[in-house]
Amino acid sequence: MLATVHELDSGLRIGLRLTRPSDAPRVRAFLERLSPETRLRRFFMAMPDIDERTVSHFTFYNPRERIVVAATAPLAGVEEVIGLADIALVDTGVAELGIVVDDEHQESGVGGALIEAVCSLAAAHGATHVRAELLDHNRPMIRLLERLGRTVQTMEDGHVLAYTRLPLRAERRAA
Ligand SMILES: CC(C)(COP(=O)(O)OP(=O)(O)OC[C@H]1O[C@@H](n2cnc3c(N)ncnc32)[C@H](O)[C@@H]1OP(=O)(O)O)[C@@H](O)C(=O)NCCC(=O)NCCS
(Lines give C-alpha, C1' and ligand atoms only; values in the text may rest on other atoms or scores of the structure.)
Protein backbone atom coordinates (compact mmCIF):
# COMPACT_ATOMS: atom_id res chain seq x y z
CA MET A 1 0.00 0.00 0.00
CA LEU A 2 2.92 2.34 0.65
CA ALA A 3 5.09 4.01 -1.99
CA THR A 4 2.48 3.69 -4.72
CA VAL A 5 0.10 6.24 -6.21
CA HIS A 6 -3.52 5.88 -5.09
CA GLU A 7 -6.41 7.28 -7.05
CA LEU A 8 -9.17 8.09 -4.54
CA ASP A 9 -12.90 7.97 -5.39
CA SER A 10 -12.78 11.78 -5.45
CA GLY A 11 -10.31 11.56 -8.38
CA LEU A 12 -7.45 12.91 -6.23
CA ARG A 13 -4.16 11.05 -6.78
CA ILE A 14 -2.02 10.74 -3.66
CA GLY A 15 1.15 9.02 -2.57
CA LEU A 16 1.43 7.28 0.80
CA ARG A 17 4.83 6.78 2.39
CA LEU A 18 6.70 6.80 5.67
CA THR A 19 8.09 10.23 6.56
CA ARG A 20 11.84 10.79 6.89
CA PRO A 21 14.04 13.49 8.48
CA SER A 22 14.43 15.30 5.13
CA ASP A 23 10.65 15.91 5.16
CA ALA A 24 11.06 18.53 7.92
CA PRO A 25 10.44 21.57 5.62
CA ARG A 26 7.42 19.87 3.96
CA VAL A 27 5.99 18.84 7.34
CA ARG A 28 6.47 22.36 8.72
CA ALA A 29 4.76 23.91 5.66
CA PHE A 30 1.87 21.44 6.05
CA LEU A 31 1.42 22.19 9.78
CA GLU A 32 1.60 25.95 9.15
CA ARG A 33 -1.14 25.68 6.48
CA LEU A 34 -3.61 24.07 8.91
CA SER A 35 -6.51 26.25 10.05
CA PRO A 36 -6.81 26.98 13.81
CA GLU A 37 -9.83 24.63 13.98
CA THR A 38 -7.94 21.73 12.37
CA ARG A 39 -4.90 22.32 14.64
CA LEU A 40 -7.16 22.33 17.66
CA ARG A 41 -8.81 19.05 16.65
CA ARG A 42 -5.45 17.34 16.15
CA PHE A 43 -3.36 18.85 18.97
CA PHE A 44 -6.07 19.98 21.49
CA MET A 45 -4.51 23.44 21.67
CA ALA A 46 -4.52 26.48 19.41
CA MET A 47 -0.78 26.14 18.69
CA PRO A 48 -0.28 29.45 16.85
CA ASP A 49 3.43 28.68 16.25
CA ILE A 50 4.82 25.38 15.06
CA ASP A 51 7.93 24.55 17.09
CA GLU A 52 10.82 22.24 16.16
CA ARG A 53 9.62 19.58 18.59
CA THR A 54 6.33 19.24 16.76
CA VAL A 55 8.06 18.99 13.38
CA SER A 56 10.50 16.38 14.77
CA HIS A 57 7.62 14.37 16.20
CA PHE A 58 6.57 13.65 12.61
CA THR A 59 10.02 13.25 11.02
CA PHE A 60 12.31 11.56 13.62
CA TYR A 61 11.10 8.37 15.25
CA ASN A 62 12.06 4.86 16.15
CA PRO A 63 9.96 2.71 13.77
CA ARG A 64 9.83 -0.08 16.35
CA GLU A 65 7.82 2.22 18.62
CA ARG A 66 6.11 4.71 16.35
CA ILE A 67 5.26 5.04 12.66
CA VAL A 68 4.37 8.17 10.71
CA VAL A 69 2.73 7.94 7.28
CA ALA A 70 2.39 10.97 5.01
CA ALA A 71 -0.12 11.46 2.22
CA THR A 72 1.48 13.53 -0.52
CA ALA A 73 0.26 15.24 -3.67
CA PRO A 74 1.75 17.68 -6.14
CA LEU A 75 0.85 21.26 -5.21
CA ALA A 76 1.95 23.76 -7.85
CA GLY A 77 4.03 20.96 -9.40
CA VAL A 78 5.99 20.16 -6.21
CA GLU A 79 5.39 17.14 -3.97
CA GLU A 80 3.87 18.38 -0.71
CA VAL A 81 2.49 16.72 2.42
CA ILE A 82 -1.32 16.94 2.55
CA GLY A 83 -1.96 14.58 5.48
CA LEU A 84 -0.13 12.86 8.34
CA ALA A 85 -1.06 9.84 10.44
CA ASP A 86 1.06 8.69 13.37
CA ILE A 87 0.60 5.61 15.44
CA ALA A 88 2.47 4.37 18.52
CA LEU A 89 2.22 1.03 20.26
CA VAL A 90 1.39 2.06 23.83
CA ASP A 91 0.02 -1.00 25.64
CA THR A 92 0.01 -4.63 24.60
CA GLY A 93 -2.05 -4.73 21.44
CA VAL A 94 -3.17 -1.09 21.70
CA ALA A 95 -1.87 1.61 19.35
CA GLU A 96 -2.48 5.32 19.87
CA LEU A 97 -3.49 7.08 16.65
CA GLY A 98 -3.30 10.73 15.56
CA ILE A 99 -4.32 11.91 12.11
CA VAL A 100 -4.72 15.20 10.29
CA VAL A 101 -5.48 16.24 6.70
CA ASP A 102 -5.03 19.83 5.48
CA ASP A 103 -8.21 21.85 5.18
CA GLU A 104 -8.06 22.07 1.40
CA HIS A 105 -8.04 18.28 0.99
CA GLN A 106 -10.49 17.18 3.69
CA GLU A 107 -13.57 15.21 2.60
CA SER A 108 -11.71 13.80 -0.44
CA GLY A 109 -10.91 10.37 1.00
CA VAL A 110 -7.34 11.22 2.14
CA GLY A 111 -8.11 10.45 5.80
CA GLY A 112 -9.58 7.07 4.82
CA ALA A 113 -6.50 6.10 2.81
CA LEU A 114 -4.12 7.25 5.57
CA ILE A 115 -5.91 5.42 8.37
CA GLU A 116 -5.99 2.17 6.36
CA ALA A 117 -2.26 2.41 5.66
CA VAL A 118 -1.14 3.27 9.18
CA CYS A 119 -3.46 0.75 10.85
CA SER A 120 -2.35 -2.12 8.65
CA LEU A 121 1.26 -1.30 9.59
CA ALA A 122 0.27 -1.21 13.27
CA ALA A 123 -1.55 -4.56 12.91
CA ALA A 124 1.59 -6.04 11.35
CA HIS A 125 3.46 -4.87 14.50
CA GLY A 126 0.95 -6.65 16.78
CA ALA A 127 -1.78 -4.05 17.36
CA THR A 128 -5.28 -5.44 17.75
CA HIS A 129 -6.96 -2.15 18.73
CA VAL A 130 -6.40 1.53 18.08
CA ARG A 131 -7.17 4.31 20.50
CA ALA A 132 -7.76 7.93 19.48
CA GLU A 133 -8.36 10.97 21.64
CA LEU A 134 -10.87 13.37 20.14
CA LEU A 135 -12.54 16.64 20.84
CA ASP A 136 -16.28 16.22 21.10
CA HIS A 137 -18.38 16.14 17.90
CA ASN A 138 -15.62 14.87 15.63
CA ARG A 139 -17.94 13.19 13.16
CA PRO A 140 -15.37 12.66 10.35
CA MET A 141 -12.95 10.90 12.74
CA ILE A 142 -15.67 8.69 14.21
CA ARG A 143 -16.73 7.75 10.65
CA LEU A 144 -13.14 6.81 9.80
CA LEU A 145 -12.83 4.63 12.90
CA GLU A 146 -16.21 2.96 12.41
CA ARG A 147 -15.28 2.09 8.84
CA LEU A 148 -12.17 0.38 10.20
CA GLY A 149 -13.86 -1.78 12.85
CA ARG A 150 -16.16 -1.94 15.87
CA THR A 151 -15.70 1.32 17.78
CA VAL A 152 -16.65 2.25 21.34
CA GLN A 153 -16.37 5.73 22.85
CA THR A 154 -15.77 6.79 26.45
CA MET A 155 -15.38 10.24 28.04
CA GLU A 156 -12.19 11.06 29.96
CA ASP A 157 -11.20 14.51 31.28
CA GLY A 158 -13.62 16.18 28.88
CA HIS A 159 -12.19 14.39 25.84
CA VAL A 160 -13.67 11.49 23.91
CA LEU A 161 -11.54 8.34 23.81
CA ALA A 162 -12.45 6.06 20.93
CA TYR A 163 -11.30 2.43 20.81
CA THR A 164 -11.52 0.50 17.57
CA ARG A 165 -10.92 -3.18 17.07
CA LEU A 166 -8.72 -3.75 14.04
CA PRO A 167 -9.79 -6.43 11.58
CA LEU A 168 -7.66 -9.56 11.86
CA ARG A 169 -5.31 -10.01 8.92
CA ALA A 170 -7.37 -12.94 7.61
CA GLU A 171 -10.57 -10.81 7.77
CA ARG A 172 -8.72 -8.01 6.00
CA ARG A 173 -7.68 -10.38 3.18
CA ALA A 174 -11.23 -11.71 2.81
CA ALA A 175 -12.77 -8.20 2.67
C1 LIG B 1 -10.56 13.53 10.71
C2 LIG B 1 -9.92 13.84 9.38
C3 LIG B 1 -8.47 13.32 9.40
C4 LIG B 1 -10.69 13.11 8.26
O5 LIG B 1 -9.98 13.26 7.05
P6 LIG B 1 -10.72 13.36 5.63
O7 LIG B 1 -9.66 13.29 4.60
O8 LIG B 1 -11.62 14.53 5.61
O9 LIG B 1 -11.56 12.00 5.65
P10 LIG B 1 -12.34 11.30 4.46
O11 LIG B 1 -12.50 12.25 3.31
O12 LIG B 1 -11.66 9.98 4.19
O13 LIG B 1 -13.78 11.12 5.12
C14 LIG B 1 -14.01 10.28 6.22
C15 LIG B 1 -15.48 10.18 6.53
O16 LIG B 1 -15.89 11.35 7.25
C17 LIG B 1 -16.94 12.00 6.54
N18 LIG B 1 -16.71 13.44 6.68
C19 LIG B 1 -15.60 14.12 6.28
N20 LIG B 1 -15.75 15.42 6.62
C21 LIG B 1 -16.96 15.54 7.23
C22 LIG B 1 -17.67 16.62 7.80
N23 LIG B 1 -17.15 17.85 7.82
N24 LIG B 1 -18.88 16.37 8.37
C25 LIG B 1 -19.39 15.12 8.38
N26 LIG B 1 -18.76 14.05 7.84
C27 LIG B 1 -17.57 14.26 7.27
C28 LIG B 1 -16.78 11.54 5.10
O29 LIG B 1 -18.00 11.65 4.39
C30 LIG B 1 -16.38 10.10 5.31
O31 LIG B 1 -17.49 9.33 5.69
P32 LIG B 1 -18.06 8.15 4.76
O33 LIG B 1 -17.09 7.05 4.92
O34 LIG B 1 -19.37 7.87 5.37
O35 LIG B 1 -18.12 8.72 3.37
C36 LIG B 1 -9.94 15.36 9.02
O37 LIG B 1 -11.27 15.81 9.13
C38 LIG B 1 -9.04 16.20 9.92
O39 LIG B 1 -7.84 16.38 9.63
N40 LIG B 1 -9.60 16.73 11.03
C41 LIG B 1 -8.80 17.55 11.97
C42 LIG B 1 -7.87 16.69 12.82
C43 LIG B 1 -8.64 15.64 13.63
O44 LIG B 1 -9.79 15.84 13.97
N45 LIG B 1 -7.97 14.50 13.92
C46 LIG B 1 -8.58 13.47 14.74
C47 LIG B 1 -8.01 13.47 16.14
S48 LIG B 1 -6.35 12.86 16.17
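The values are calculated or read from the model by the stated rules, or taken from the named source; none is laboratory data. Since the structure is predicted, the reported quantities are computational estimates derived from the model, not experimental observations. Methodologically, a virtual Cβ is constructed for each residue, glycine included, from the backbone with ideal geometry; neighbour enumeration extends over all protein chains shown. When the accessible area is computed, the model is the full protein with side chains, heavy atoms only, and any ligands, DNA or RNA have been set aside. Shrake-Rupley method; radii C 1.70, N 1.55, O 1.52, S 1.80 Å.
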Worksheet item: Could you give the nm distance between label points at Asp91 and Met1, where each point is 7 Å from its Cα heading toward the beta carbon?
Response: 2.4
Worksheet entry | Theoretical ellipticity at 222 nm over the chain - DSSP helices of four or more residues, -39500 (n - 2.57) apiece, nearest 500 | -9500 deg cm²/dmol
Fill in: Apportionment of accessible area to carbon and sulfur, the chain, percent (1.4 Å)
53
Worksheet item: Within the chain, which DSSP H helices have Cα atoms that stretch 20 Å or more along the helix axis and a mean Kyte-Doolittle hydropathy of at least 1.0?
Response: 110-124
Worksheet entry | Ellipsoid semi-axes in whole angstrom, largest first, where each is sqrt(5λ) of the Cα gyration tensor of the chain | 23, 20, 16
Worksheet item: How far apart, in nm, are the 7 Å Cα→Cβ label points at Arg139 and Thr38?
Response: 1.9
Worksheet entry | Of the chymotrypsin sites (Phe, Trp or Tyr not before Pro) in region 36-135, those whose Cβ has at most 16 other Cβ within 10 Å and which sit in DSSP loop | Phe44, Phe60
Item to complete: Could you check the simple spin-label distance between Thr128 and Glu65, using points 7 Å along Cα→Cβ, in nm with one decimal?
Response: 2.4
Item to complete: Using a 1.4 angstrom probe, figure out how much accessible area region 1-127 has per residue, in square angstrom, rounded to the nearest whole.
Response: 49
Item to complete: Give me the accessible area of Asp102, 1.4 Å probe, in Å² rounded to the nearest 10.
Response: 0
